[in-house]
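Student: One structure follows; several queries about it will come next.
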Amino acid sequence: MAKAASETPLMQQHRAIKQKYPGAVLLFRVGDFYETFGEDAIVASKVLGITLTKRNNGAASENELAGFPHHALDTYLHKLVKAGHRVAVCDQLEDPKSVKGIVKRGVTEMVTPGIATSDKLLEQGSNNFLAAVHFSDKEDSLGASFLDISTGEFFVAEGNTEYIDKLLQGLKPAEVIFQRNFQKQFVEKFGPKFYTYTMESWIFDEAFATESLLKHFNTHSLKGFGIESLPQAITAAGAILHYLKETEHPNLQHITGVQRMEREDFLWMDRFTIRNLELLGAGVDQGNYLLKVIDNTVSPMGARLLRRWLIFPLKNTAAINDRLDAVETLIKDQTLCTTLSAAIKACGDMERLVSKVPLKKINPREVVQLARGLEQISIIKEAAAKSNNKKITDAAALLDPIPSIVETIYQQIAENPPVAANKGGVIKDGFHSELDSLRNIATGGKDFLVNIQQREAAATGISSLKISFNNVFGYYLEVTNVHKNKVPDTWIRKQTLANAERYITPELKEYEEKILGAEERMQSLEIKLFERLIDQAQPFIAALQVNGACVGEIDCVASFAALSKSNRYVRPVLHDGNELEIAGGRHPVIESVLPTGVPYIDNDLLLNKQDQQLIILTGPNMSGKSALLRQTALITLMAHMGSFVPATAASIPLTAQIFTRVGASDN
C-alpha cells in the first residue's frame, strides 16, 4: 500500500502496524476507543453491527471507519473471533498525558480461534485446541501436536494419515496450522471443515523445533517427556510454540510439559465409527448421544477429561481395572462419593483459572475463586486419603491445598472484589497503609479538612478559622484581621484581602497533593499490588495444575459411580480371551429417553470362536437391528473407558478396534 502524500502521522502509524498483521482485523486504540479502518472497518461493521462512517484522515481519498469504546472490548472481540477472524489488539503503550505528539502503539495480543483465553470464546466442557500438522518427506508419515492455551495441556503424536485424521476428528481443534505449500494435501487428507492458518516451511524444521522446546521447558533433552524418538511430532510442537510467539503470547509458564499420544495405548475407532455410534453428537437436532447421557461430572475439568476418555478408551487391562476399582469403591461408599462431588463442584474451573495467572488475564474475583477452590482441595484431599482404593488415595497424595497462597489471597484481596482490577476496591482495607491513607483522603476528605480546621482553631485560639480552596493556590486557611496576630510563625501567608489573610501550612499542602491525585494514585497502587499478588502465585502454577488434573480424574470416576448407581449398571469383566458375552444388555442412550415406567427390552449376546463367530441380524425396518449393533459397541466402549455398563452381566474381551457402519439414528 503506497503511502498517501498527505497521510496524518496517526494513519502512518496505523499503516505501519497493519502491514505486520495483514491477515488480521486490527483494533487500533485511539483515546477511549478501539478504531478500525478500511477493510477492517467494513468487516467490523458487518460482524459487530456498529456504524460504518467515512473520513479522509488527511488523505485525498476517503477511508472507512468503525469503532467502539475500549471498555467494550470483551463484548466485541469474541464476536469477531467466532465469525472466523484473526484479531490483533493494538494498544497505547504510553500514557498520552506524558507524551507530546503521537503516542507509541503496538499489538499486545493476537486472538485467533485456536489461541482464545476469554471465557466468552471457550466452552467449559470442551478443550479449545490449537493443532499443528507437519507433513514430512517420508511416505505417509506425519506429526501432530495439540495445545490448549486455556489449560496448558500439550499433546504430540506421530503416525500415518489415518491416525492423525482420527486425532483431528476426535480432539476437534479450533484451529490447525501447517506448511503453506501443503494446502491441497491437507484438504485432500483431512477435509475442508477445519479453520486453518498456513506458515512458512522453514518454521517446520526439526532442529529449530527442538531448540524451541528445549528453551521453553528449560531442559537439555526431550527424553524426560518420552518424545525424543518422534521427529515429526517434535516439529509440529515447535511450530505451535513459534506461532504463539508470533501472535504475541510470551507468557507461557503454565505449559509445563508435553505428553505423547501413542496409537497402541487406545482402543481404535475411526471417524466414521465415532459419528455412527453418536458418541459426541446426535444425527438429528436436539437428539441424545452417549456423552450427554453418561456425563455426570460436576466440574469443567472432569467434563473435558471425560470427553477424552470417551474418544480414547484404554487398551490396558490393569489401567481399566484401576478405574473400575475406584468406581466400585465410590458406589459402595456413597458418603465419600457425595463429599468428593460437592467439594469438586465448588472448586470451579481450576485448570483455566491457573492458566490465566501467567497470561495476566486473571481478574480479582477469579483470584478469590482460586483461593476458595484450594480450600475445597483441602477437603477433597482429606476425604480421599481415607479411602481404601489405591487410585483415589494416590490422587489424594498428589493434591496440594497450598495454604500459603490461600492465606496471601485472603490477606490482600477484598471479600467481594470487582471483576476489573482498575475499578478500585480490590485490595482489602488494612493491608497497605498508603492505600488506606489514599482511600481515607478520597472518601473522607471533608472529615479530614474539618479535623485540621478544629485542631488548628483550638491550638491558635482563632475561633473563626476557615479552610477553603481555589484554583490559584489550592487549599488555604483564612484568618480575619481581628485574629491575625494569633497566626503561628509556621504558617505561610499567600494572599492579603481587605478583611482577612490567607495562609497555607506544610500539612495542608501535603494533604492537597494527596487529595488532588488520590483516586489516580489509588488506582495505580491497587493495580500494582494486584499484579504483585499474581506474581506471588507464579511459583505454584505446576502444583495448581496437578490439582486440576487430579480433581478432573476423581470427578470422572465419581461421575461413573453416580451413573452406575442411578441406572443399575454392572461392573464388566475384562479379559484377554476372545469371548464376548453380555447378559441383559441395554442401549444406554435409548434407555435414558424412554418415558418413566417404560422398560428397555434387554438382550443377551454371545460371540466366540467356538460356537458363534458371526451374527447375521435380520428383520423389518425400525425393528431395532441398528440399536442392538450400537448397544454392543457402546457397552464394549464403556467397559474400556473404565465405566460400569448397562447389563446384568458383561464379560468383555480386551478389544483393539471397533468399527460400525449403521444407517438411521437411534433417536
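Student: For segment 562-573: of the residues being open to solvent by less than 70 Å² (accessible area, probe 1.4 Å), among the aliphatic types (A, V, I, L, M) and closer than 11 Å to V645 by Cβ, which is farthest from the chain's Cα centre (by Cα)?
Tutor: Step by step, filter segment 562-573, then rank; the result is V570.
Student: Which of the residues that make up segment 96-118 are of a type outside the set (V, I, T) and in contact (Cβ under 8 Å) with a residue 24 or more places away in the chain? Give the steps one after another, and end with the answer.
Tutor: If we filter segment 96-118 for residues that are of a type outside the set (V, I, T), which is where we start, we get 96-98, 100-101, 104-106, 109-110, 113-114, 116, 118.
Scanning segment 96-118 gives P96, G101, R105, G106, E109, M110, P113, G114, A116, S118.
Student: What residue, among those in segment 281-305 that are open to solvent by less than 10 Å² (accessible area, probe 1.4 Å) and in contact with an Asp or Glu (Cβ under 6 Å, 6 or more places away or on another chain), is farthest from T161 (Cα to Cα)?
Tutor: Going through the qualifying residues, I end up with S299.
Student: Which of (1) among the β-branched types (V, I, T); (2) open to solvent by 10 Å² or more (accessible area, probe 1.4 Å); (3) under 24 Å from G152 (Cα atoms) is the odd one out, the single condition V354 does not satisfy?
Tutor: For V354, the exception is condition (2).
Student: So, one more: Residues to consider are V107, V176; find the one that is within 24 Å of the chain's Cα centre (by Cα) and modelled with pLDDT of 95 or more.
Tutor: V176
Student: Oh, and also: Which of the residues belonging to segment 350-375 are more than 26 Å from T108 (Cα to Cα) and in a loop (DSSP other than H, G, I, E, B)?
Tutor: Of everything in segment 350-375, nothing turns out to be more than 26 Å from T108 (Cα to Cα) and in a loop (DSSP other than H, G, I, E, B).
Student: Continuing with the same structure: Outside any strand (DSSP E or B), crowded, with 19+ Cβ neighbours inside 10 Å, within 26 Å of the chain's Cα centre (by Cα) and not hydrophobic (A, V, I, L, M, F, W, C): does that describe S150? Reasoning before the result, please.
Tutor: Details: outside any strand (DSSP E or B): yes; crowded, with 19+ Cβ neighbours inside 10 Å: yes; within 26 Å of the chain's Cα centre (by Cα): yes; not hydrophobic (A, V, I, L, M, F, W, C): yes.
Taking the combined requirement at face value, the residue satisfies it.
Student: Looking only at residues that are under 18 Å from E7 (Cα atoms) and outside any strand (DSSP E or B) in segment 42-95, which one is modelled with the highest pLDDT?
Tutor: Applying the filter and picking the extreme gives E62.
Here is a yes/no grid of residues against (1) crowded, with 17+ Cβ neighbours inside 10 Å; (2) of a type in the set (D, E); (3) in contact with a His (Cβ under 8 Å, 6 or more places away or on another chain); (4) assigned to a loop (DSSP other than H, G, I, E, B):
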| position | (1), (2), (3), (4) |
| --- | --- |
| N416 | no, no, no, yes |
| I441 | yes, no, no, no |
| D447 | no, yes, no, no |
| I462 | yes, no, yes, yes |
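Student: Looking only at strands (runs of 3 or more DSSP E) that lie completely in segment 153-225, which have at least 1 residues being under 29 Å from L310 (Cβ atoms), open to solvent by 20 Å² or more (accessible area, probe 1.4 Å) and aromatic (F, W, Y)? Let's see the steps before the verdict.
Tutor: Working: elements: 153-159, 175-179, 196-199.
Output list reads 196-199.
Student: Take the residues in segment 485-535 that are in contact (Cβ under 8 Å) with a residue 24 or more places away in the chain, open to solvent by 80 Å² or more (accessible area, probe 1.4 Å) and among the charged types (D, E, K, R), then tell me which one is nearest to Q412 (Cα to Cα).
Tutor: Restricting to residues being in contact (Cβ under 8 Å) with a residue 24 or more places away in the chain, open to solvent by 80 Å² or more (accessible area, probe 1.4 Å) and among the charged types (D, E, K, R), the top hit is E531.
Student: Continuing with this model, one more query. Do we have L637 as in a helix (DSSP H, G or I), in contact with a Pro (Cβ under 7 Å, 6 or more places away or on another chain), at pLDDT 95 or above and closer than 23 Å to L277 by Cβ here?
Tutor: Taking the combined requirement at face value, the residue satisfies it.
Student: For segment 616-625, does any single residue satisfy the condition of being of a type outside the set (D, E, K, R), assigned to a helix (DSSP H, G or I) and within 22 Å of F272 (Cα to Cα)? Full working, then the answer.
Tutor: At the first step, the residues of segment 616-625 found to be of a type outside the set (D, E, K, R) are 616-624.
Restricting the remaining residues to those that are assigned to a helix (DSSP H, G or I) gives none.
Taking every residue of segment 616-625 in turn, none turns out to be of a type outside the set (D, E, K, R), assigned to a helix (DSSP H, G or I) and within 22 Å of F272 (Cα to Cα).
Student: What are the pairs with Cβ atoms under 7 angstrom where one residue, in segment 644-658, is over 25 Å from N296 (Cβ atoms) and the other, located anywhere, is basic (K, R) and in a loop (DSSP other than H, G, I, E, B)? Sequence gap at least six, or different chains.
Tutor: The qualifying pairs are L654/K315; A656/K315.
Student: Further, regarding this structure: Mind checking which pairs have a first residue in segment 463-480 that is touching a residue at least 24 places away in the same chain (Cβ under 8 Å) and over 13 Å from K509 (Cα atoms) and a second that is in a loop (DSSP other than H, G, I, E, B) and open to solvent by 30 Å² or more (accessible area, probe 1.4 Å), Cβ under 8 Å, 6 or more apart or different chains?
Tutor: As it stands, the answer is V479/S464, since those pairs meet every condition given.
Student: Moving to a separate point now. Restricting to segment 478-510, and then to whatever is of a type in the set (S, T, Y) and in contact with a Ser or Thr (Cβ under 9 Å, 6 or more places away or on another chain), can you tell me which residue is nearest to N440 (Cα to Cα)?
Tutor: Taking segment 478-510 and keeping what is of a type in the set (S, T, Y), we get 480, 490, 496, 503, 505.
Within this subset, residues satisfying the condition of being in contact with a Ser or Thr (Cβ under 9 Å, 6 or more places away or on another chain) are 480, 490, 505.
Details: T480: 30, T490: 26, T505: 20 Å.
The selected residue is T505.
Student: Can you tell me which residue in segment 577-615 is most open to solvent (accessible area, probe 1.4 Å), limited to those that are acidic (D, E) and in contact with a strand residue (DSSP E or B) (Cβ under 7 Å, 6 or more places away or on another chain)?
Tutor: Across segment 577-615, the extreme among qualifying residues is D604.
Student: What are the residues in segment 321-336 that are open to solvent by less than 10 Å² (accessible area, probe 1.4 Å) and touching a helix residue (DSSP H, G or I) at 6+ places or on another chain (Cβ under 6 Å), if any?
Tutor: Correct list: A326, V327, L330.
Student: Something else now. Pick out the one residue from S145, S126 that is in a loop (DSSP other than H, G, I, E, B) and polar (S, T, N, Q).
Tutor: Result of the check over S145, S126: S126.
Student: Among residues belonging to segment 252-275 that are farther than 27 Å from L544 by Cα, among the charged types (D, E, K, R) and touching a Gly at 6+ places or on another chain (Cβ under 9 Å), point out the one that is least open to solvent (accessible area, probe 1.4 Å).
Tutor: The selected residue is R263.
Student: Looking at I320, I294, I311, which is the one that is farther than 19 Å from A549 by Cα and touching a residue at least 60 places away in the same chain (Cβ under 8 Å)? Write out each step before concluding.
Tutor: On the way: I320 fails: farther than 19 Å from A549 by Cα; I311 fails: farther than 19 Å from A549 by Cα.
Checking each option against the conditions leaves just I294.
Student: Next up: How many of the residues making up segment 12-36 are open to solvent by less than 40 Å² (accessible area, probe 1.4 Å), assigned to a helix (DSSP H, G or I) and not β-branched (V, I, T)?
Tutor: Counting residues in segment 12-36 that are open to solvent by less than 40 Å² (accessible area, probe 1.4 Å), assigned to a helix (DSSP H, G or I) and not β-branched (V, I, T) gives 3.
Student: Restricting to segment 101-123, name every residue that is farther than 16 Å from Y21 by Cα and assigned to a loop (DSSP other than H, G, I, E, B).
Tutor: Passing the criteria: G101, I102, V103, K104, A116, T117, S118, L122, E123.
Student: Answer with yes or no whether V111 is surrounded by 13 or more Cβ atoms within 10 Å (Cβ to Cβ) and farther than 30 Å from F178 by Cα.
Tutor: No; evaluated as a whole, the condition is false for this residue.
Student: Do we have any residue at all in segment 593-605 that's under 41 Å from the mean Cα position of the chain (by Cα) and in contact (Cβ under 8 Å) with a residue 60 or more places away in the chain? Full working, then the answer.
Tutor: We begin by selecting, within segment 593-605, every residue under 41 Å from the mean Cα position of the chain (by Cα); these are 593-596, 600.
Still in the running and in contact (Cβ under 8 Å) with a residue 60 or more places away in the chain: 593.
Yes: segment 593-605 contains one or more residues that are under 41 Å from the mean Cα position of the chain (by Cα) and in contact (Cβ under 8 Å) with a residue 60 or more places away in the chain.
Student: Now for a different question. When you look at E278, is it open to solvent by 20 Å² or more (accessible area, probe 1.4 Å) and of a type outside the set (V, I, T), yes or no? Step through it out loud before you land on a result.
Tutor: Values: open to solvent by 20 Å² or more (accessible area, probe 1.4 Å): no; of a type outside the set (V, I, T): yes.
Judged against the criteria, E278 is not a match.
Student: Give segment 536-561 a look and list any residue that's surrounded by fewer than 17 Cβ atoms within 10 Å (Cβ to Cβ), more than 18 Å from the chain's Cα centre (by Cα) and of a type in the set (S, T, N, Q), or say none.
Tutor: Hit for segment 536-561 is Q536, nothing else.
Okay, residues lined up against (1) surrounded by fewer than 18 Cβ atoms within 10 Å (Cβ to Cβ); (2) at pLDDT 95 or above; (3) among the aliphatic types (A, V, I, L, M); (4) more than 18 Å from the chain's Cα centre (by Cα):
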{"position": "I311", "(1), (2), (3), (4)": "no, no, yes, yes"}
{"position": "K315", "(1), (2), (3), (4)": "no, no, no, yes"}
{"position": "I362", "(1), (2), (3), (4)": "no, no, yes, no"}
{"position": "A383", "(1), (2), (3), (4)": "no, yes, yes, yes"}
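The values are calculated or read from the model by the stated rules, or taken from the named source; none is laboratory data. Bear in mind that the values here come from a model prediction, so they are computed numbers and not experimental data. Neighbour counts run over all protein chains shown; Cβ positions are idealised from the backbone, glycine included. Accessible surface areas use protein heavy atoms only, side chains included; no ligands, DNA or RNA. Shrake-Rupley method; radii C 1.70, N 1.55, O 1.52, S 1.80 Å.
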